[in-house]
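Before any comments, here is the structure.
The values are calculated or read from the model by the stated rules, or taken from the named source; none is laboratory data. In this text, all values refer to a predicted model and were calculated from it rather than measured experimentally. Here the Cβ positions follow ideal geometry from the backbone for every residue, glycine too, while neighbour counts run over all protein chains shown.
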Amino acid sequence: MERRSVMRGICLALALAVLVLVPSAASAQATQVNFTEYWQMDWWLEPSEFPCLTEVIYLTGLLEVRTHIVVNPRGGYSYQISKKTQEMTAVGLDTGETYRFSGPMSSVENGWTDEPWVTWYPLHWTFHNINHFVGPGDLPEFYQRTLVHINYDRETGEATLDVERWDILCR
């Protein structure tokens with residue numbers, strides 16, 4: 001449960017930080033911003049949290065995070081965030097074996113702003129992440145899957161739909 005709150009907090013904080021980089025939405029054309037960041041990741045996966053694990057797995061490396069933001073002249077905005085996991089390594093701490101790791105991640109928000117740089121109102125927000133680990137030989141293959149989707153009422157700002165799915169799939 002704490003991991004969910006941390007993940008949601010990180011995603012929302014990143015979204016707000018990204019929006020600061022968007023130029024004024026008052027121009028006649030849509031404004032687009034693209035940038036790429038690299039985050040150093042260090043993550044220990046414990047058998048107590050992932051039931052199919054037979055050992056602790058240490059995941060480390062650079063995570064490539066790409067961001068694309070569009071603000072249209074009437075105040076609507078959209079941003080998309082995606083990750084690439086090509087520079088990541090997952091190693092079992094007991095066996096020393098290397099697990100193959102991959103995982104698409106995307107975060108998309110659409111909304112509007114009536115005061116550029118001050119107030120951004122999301123209408124739809126979706127975060128989707130699949131981390132896939134494949135151990136060699138008899139070591140496990142598993143997925144950590146996350147899906148969060150929220151719709152907001154434009155007038156009240158209240159969430160009108162909240163879908164949260166968090167699971168581990170062992171094979």
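List of remarks:
- Elements of type strands (runs of 3 or more DSSP E) in region 60-164, at least 2 residues being in contact with a Pro (Cβ under 7 Å, 6 or more places away or on another chain): 105-115
- Residue check for residue 113: among the β-branched types (Val, Ile, Thr) and out of contact with any strand residue (DSSP E or B) (no Cβ under 7 Å at 6 or more places or on another chain): no
- Yes/no for residue 76 being surrounded by fewer than 19 Cβ atoms within 10 Å (Cβ to Cβ) and under 30 Å from residue 124 (Cα atoms): yes
- Counting only residues that are surrounded by 18 or more Cβ atoms within 10 Å (Cβ to Cβ) and either farther than 27 Å from residue 145 by Cα or hydroxyl-bearing (Ser, Thr, Tyr) (or both), region 79-111 holds 4 of them.
- Residues (at positive phi and at pLDDT 90 or above) located in region 55-84: 61
- Within region 64-90, the residues that satisfy the criterion of being among the β-branched types (Val, Ile, Thr), under 14 Å from residue 39 (Cβ atoms) and without any contact (Cβ under 8 Å) to a residue 60 or more places away in the chain are 65, 67, 85.
- Of all the numbered requirements in (1) in a strand (DSSP E or B); (2) surrounded by fewer than 17 Cβ atoms within 10 Å (Cβ to Cβ); (3) touching a residue at least 40 places away in the same chain (Cβ under 8 Å), residue 39 misses one, and that requirement is (3).
- Looking across region 42-59, the residues that are assigned to a strand (DSSP E or B) and of a type outside the set (A, V, I, L, M) come down to 42, 43, 44, 58.
- Cβ separations smaller than 6 Å between residues 6+ apart or across chains give the following pairs from region 146-171 residues that are modelled with pLDDT of 90 or more to residues that are among the acidic types (Asp, Glu): 148/164; 150/162.
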